[in-house]
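I have placed the structure first, in the form of structure tokens, so that the comments after it can refer back to it.
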Amino acid sequence: MRIKSLNPFGTVALQLGGFYFFYFAMVGVYIIFMPKVLKDLGYSAVDIGMIYTVAPLMRFFLPFVFKHFVELNRRVFVLSLFATLFTTLLFFLTINNFWAFLFVNLLYGGAMGAALPFAETIALERIGKERYGKIRLWGSVGFSIIAFVLGNTLNSYITALLFLSGVAFFTLIYGYTLSKYESRGKEEQIDVEENREFSLKKYWAFWLSVFLFQLSFGGFYNFFTIYETSNGIALDIVSYFWIFGVLCEIVMLIFQGPLLRHYTLLTLIFITTLSGVFRWFFLALYPQSITIVLLTQATHALSFALYYTAAIAYVYTLYTQKQLAQQFFLGISFGLGGAVGAVVSGLIYKVSPSGLFLFESFVALMAALLLWVHKQRREYVG
């Protein structure tokens with residue numbers, strides 16, 4: 001009893017924290033370092049763009065497969081973790097062949113896309129939305145640590161792939177122990193037939209808002225560093241911008257509980273979406289002001305950390321098909337929104353770098369307006 005009292009979240013919190021830590025460390029290796037690795041191996045910008053489009057698109061299409069053909073249960077979750085590790089090992093064999101590597105990235109995106117929604121559902125069931133942030137922050141910690149460690153040790157593509165496979169292995173270990181917490185009774189099981197009743201159309205304004213808001217991040221994720229350095233900000237200062245944003249994210253994840261208790265989830269989603277409007281607007285106007293850029297980075301606590309928690313918690317309340325709903329949220333936001341955002345931002349940045357962030361401010365505004373439409377529709381149609 002004494003030992004249990006020292007850990008108010010219980011064992012599931014330790015396993016969720018470990019899973020998030022290594023899962024997002026894996027995301028860090030893949031997003032931060034693999035593009036540089038591919039460039040060093042002779043891949044063109046177009047090649048890299050294609051490779052980094054197929055994984056999020058796979059994440060978008062995957063929920064439709066689960067809606068009609070497969071149930072996301074414990075067995076599928078564990079298989080997805082094994083598949084993730086297996087594809088990272090296949091990277092060693094295929095990285096020098098574009099088409100083979102592209103195909104393995106397709107599989108990798110699908111495997112990762114099936115794993116996270118299962119864990120998110122367990123977190124919301126077992127931990128609750130108020131304490132979710134204190135567990136999810138370990139993902140941010142893992143992302144930051146892998147960025148620091150590999151940033152100082154990366155000397156070849158083998159090093160990057162070893163780190164990728166290593167964190168995939170530990171993700172599998174923590175995920176496997178986590179899978180035992182699938183707690184729904186037989187009477188509560190959601191089968192494929194019930195999943196087919198899942199409707200995006202019923203809440204179309206909300207889902208379109210989710211898509212547009214993540215699309216508005218396309219320029220930030222792909223061009224923020226280039227944009228700032230081209231405006232005379234030193235690269236080391238830009239790296240501090242990134243770190244500051246993650247630190248603000250972690251602080252919000254720790255202290256967001258009272259906000260989630262005192263405000264409705266839809267209100268928080270609306271406010272955090274509006275924060276994105278101002279974030280991109282001021283970034284477009286004042287890219288050379290270190291103070292203003294730091295302030296825009298501080299809003300990462302709202303437009304990413306609090307938005308993400310409130311959004312997945314809100315989706316959890318909308319549908320009985322909890323895991324499928326989480327899959328669609330990740331697929332529509334980081335999947336389709338991320339892929340389209342990457343393509344659109346590249347096209348606009350060539351014409352006008354500052355215009356890109358003005359465009360993204362407008363897109364975020366449209367996302368906020370759609371949330372208002374969604375709220376009105378729910379009040380009338382339920």
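Listed conditions (1) in contact (Cβ under 8 Å) with a residue 24 or more places away in the chain; (2) buried (at least 20 other Cβ atoms within 10 Å of the Cβ); (3) of a type in the set (S, T, N, Q) are all met by ASN231, apart from (2). Applying the condition of being modelled with pLDDT under 55 and assigned to a helix (DSSP H, G or I) to region 166-194 and asking which residue is nearest to GLU120 (Cα to Cα) yields GLU188. Annotation note: Cβ proximity below 6 Å between a residue of region 128-141 that is over 15 Å from PHE19 (Cβ atoms) and a residue that is at pLDDT 80 or above (sequence gap 6+ or interchain) occurs for LYS129/LEU260; LYS129/ALA313; GLU130/GLY257; GLU130/LEU260; GLU130/ARG261; GLY133/LEU253; GLY133/GLN256; GLY133/THR309. Restricting attention to region 111-134 and to residues that are more than 16 Å from the chain's Cα centre (by Cα) and under 18 Å from THR177 (Cβ atoms), the residue that is surrounded by the most Cβ atoms within 10 Å (Cβ to Cβ) turns out to be ILE122.
Only one of the listed residues (LEU89, LEU16, LEU62) is crowded, with 20+ Cβ neighbours inside 10 Å and over 22 Å from PHE211 (Cα atoms). That residue is LEU16. I'd like to check something: does region 292-308 contain any residue that is at pLDDT 90 or above and touching a Pro at 6+ places or on another chain (Cβ under 8 Å)? Yes, there is a match, as at least one residue in region 292-308 is at pLDDT 90 or above and touching a Pro at 6+ places or on another chain (Cβ under 8 Å). In the set (1) over 23 Å from TYR30 (Cβ atoms); (2) surrounded by fewer than 16 Cβ atoms within 10 Å (Cβ to Cβ); (3) under 21 Å from the mean Cα position of the chain (by Cα), the condition left unmet by TRP280 is number (2). Taking only region 245-278 into account, find how many residues are touching a residue at least 40 places away in the same chain (Cβ under 8 Å) and in contact with a helix residue (DSSP H, G or I) (Cβ under 7 Å, 6 or more places away or on another chain). Looking only at that region, the number is 23. None of LEU324, LEU371, LEU318, LEU306 is in contact with a Phe, Trp or Tyr (Cβ under 7 Å, 6 or more places away or on another chain), more than 28 Å from LEU106 (Cα to Cα) and crowded, with 20+ Cβ neighbours inside 10 Å except LEU371. The helices (runs of 4 or more DSSP H) falling completely within region 285-382 that include 1 or more residues that are farther than 20 Å from PHE211 by Cα and out of contact with any strand residue (DSSP E or B) (no Cβ under 9 Å at 6 or more places or on another chain) map to 290-298, 338-351, 353-381. Criterion applied to PHE223, PHE217 was being surrounded by 22 or more Cβ atoms within 10 Å (Cβ to Cβ), among the aromatic types (Phe, Trp, Tyr), assigned by TED's automatic domain parsing to the domain that holds GLY338 and within 22 Å of GLY355 (Cα to Cα), and the one residue passing it is PHE217. Of the numbered criteria (1) under 17 Å from the mean Cα position of the chain (by Cα); (2) modelled with pLDDT of 90 or more, the one LEU93 fails is (1). Screening the candidates TYR314, TYR319, TYR349 for the property of being among the aromatic types (Phe, Trp, Tyr), under 14 Å from ASN222 (Cα atoms) and out of contact with any Pro (no Cβ under 9 Å at 6 or more places or on another chain) yields one hit, TYR349.
The values are calculated or read from the model by the stated rules, or taken from the named source; none is laboratory data. Keep in mind the model is a prediction, meaning the values are calculated, not measured. Every residue, glycine among them, receives a Cβ derived from its backbone with ideal geometry; neighbour counts consider all protein chains shown.
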